[in-house]
1. What's the total number of residues in the range 248-298 that are closer than 24 Å to ILE201 by Cβ and assigned to a helix (DSSP H, G or I)?
2. One residue is enough: does the range 189-206 have a residue meeting the conditions assigned to a strand (DSSP E or B), at pLDDT 95 or above, surrounded by fewer than 24 Cβ atoms within 10 Å (Cβ to Cβ) and not hydroxyl-bearing (Ser, Thr, Tyr)?
3. What are the pairs, 6+ residues apart or on separate chains, where a residue within the range 167-179 that is of a type in the set (D, E, K, R) has its Cβ under 8 Å from a residue that is at pLDDT below 95?
4. Kindly check whether there is at least one residue in the range 19-42 that is over 22 Å from LEU222 (Cα atoms) and within 15 Å of the chain's Cα centre (by Cα).
5. Given the conditions (1) assigned to a helix (DSSP H, G or I); (2) closer than 30 Å to ALA218 by Cα; (3) in contact with a Leu (Cβ under 9 Å, 6 or more places away or on another chain), which single one is not true for LYS8?
6. Got a sec? Which of LYS52, LYS39, LYS16 is at pLDDT 95 or above, buried (at least 17 other Cβ atoms within 10 Å of the Cβ) and either more than 25 Å from LYS158 (Cα to Cα) or out of contact with any strand residue (DSSP E or B) (no Cβ under 7 Å at 6 or more places or on another chain) (or both)?
7. Would you mind telling me which numbered condition in (1) farther than 22 Å from LEU147 by Cβ; (2) touching a residue at least 24 places away in the same chain (Cβ under 8 Å); (3) not basic (Lys, Arg) TYR95 fails?
8. Conditions: (1) farther than 23 Å from LYS158 by Cα; (2) over 17 Å from the mean Cα position of the chain (by Cα); (3) surrounded by fewer than 17 Cβ atoms within 10 Å (Cβ to Cβ). GLU63 meets all but one. Number of the miss?
Amino acid sequence: MNCIKLYKEGQLKKIKETLLEELKNCKLCPRNCGVNRLKNQSGFCRSGRFAKVNSFFCHFGEEPELVGSGGSGTIFFAYCNLACQYCQNYTLSHYGEGDIIEASELAKIMLTLQKYGAHNINFVTPTHIIAQILEALEIAIEAGLNLPLVYNCGGYEKFETLKLIDGIFDIYMPDIKYSDNLVAQKFSLAPNYWEVVQAAIREMHRQVGDLVIQNGIAKRGLLIRHLILPNNLGGSFKVLDFVRSLSINSYINIMDQYHPCYNAYKFSQINRCITEEEYITVIEYAKKIGLHRGFKII
């Protein structure tokens, strides 16, 4: 856990203070809203000074390398810097269900998950509340937190912010949702998504490298997810080509569980589940270009 080293050197405190200062004119994500979140103003993500937590528990539905025997210590935050019209967690991401908590309470949650036997602390949708997470981490590490930290995000990350938090997180777990900007804008209101996500994931890979697994448990590295969308709206082949360009040993979970949620019924292109043929076609292409980690070989 590199974060402990940064804490002991006083660097964690400096990074936290920089991020908190950034909240005065918030440009921590590609939205660059410019609102003063320290005064509880909110921009696209609808989040102000403090984090909002929906739930936390030892999650056994994540990738096996995160779950192990004790589960992944998952913390679900409310709101998001994306606006996916088919989001399966829309009550959190769009409706903001959860409770506002301060740093000391968030630190207690991390320590509770460690006490329950979790293998890691898994921050789900951390992008818009990264400053608040670091506030809590400082407290939690002081109280004995020593688990790997997982940055579980939608891929729409600001390169400069990622550089600033270099060394904090052991495992990056981004989605790559699309390889087409027009599709990303239509279904997630995310301008320039393809350029943004490529720069972000290259930086993540530079920081932590390929996923390292010890005794069946992920310890460090990049774990990528790609949810196959109906009608190839995600541009899966282009996504996989990019993942392969990072490393032949890239870990990518190619997911087949898409089903219409939230506003998907408003769009004929995404108002159905994917077919078996759509799934197999993507898996076969991944195998063809040499990828071999993270997905079911069929």
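The values are calculated or read from the model by the stated rules, or taken from the named source; none is laboratory data. Keep in mind that this is a model prediction, so the values were computed, not measured. FYI the Cβ positions are ideal-geometry reconstructions off the backbone, even for glycines, and counts take in every protein chain you see.
1. So the answer is 11.
2. For the range 189-206, residues assigned to a strand (DSSP E or B), at pLDDT 95 or above, surrounded by fewer than 24 Cβ atoms within 10 Å (Cβ to Cβ) and not hydroxyl-bearing (Ser, Thr, Tyr): absent.
3. Short answer, once both residue conditions are applied: ASP170/MET1; ASP170/ASN2; ASP170/CYS3.
4. no
5. With (1) assigned to a helix (DSSP H, G or I); (2) closer than 30 Å to ALA218 by Cα; (3) in contact with a Leu (Cβ under 9 Å, 6 or more places away or on another chain) applied to LYS8, the lone miss is (3).
6. Residue meeting the stated conditions: LYS16.
7. Every listed condition holds for TYR95 apart from (2).
8. (2)
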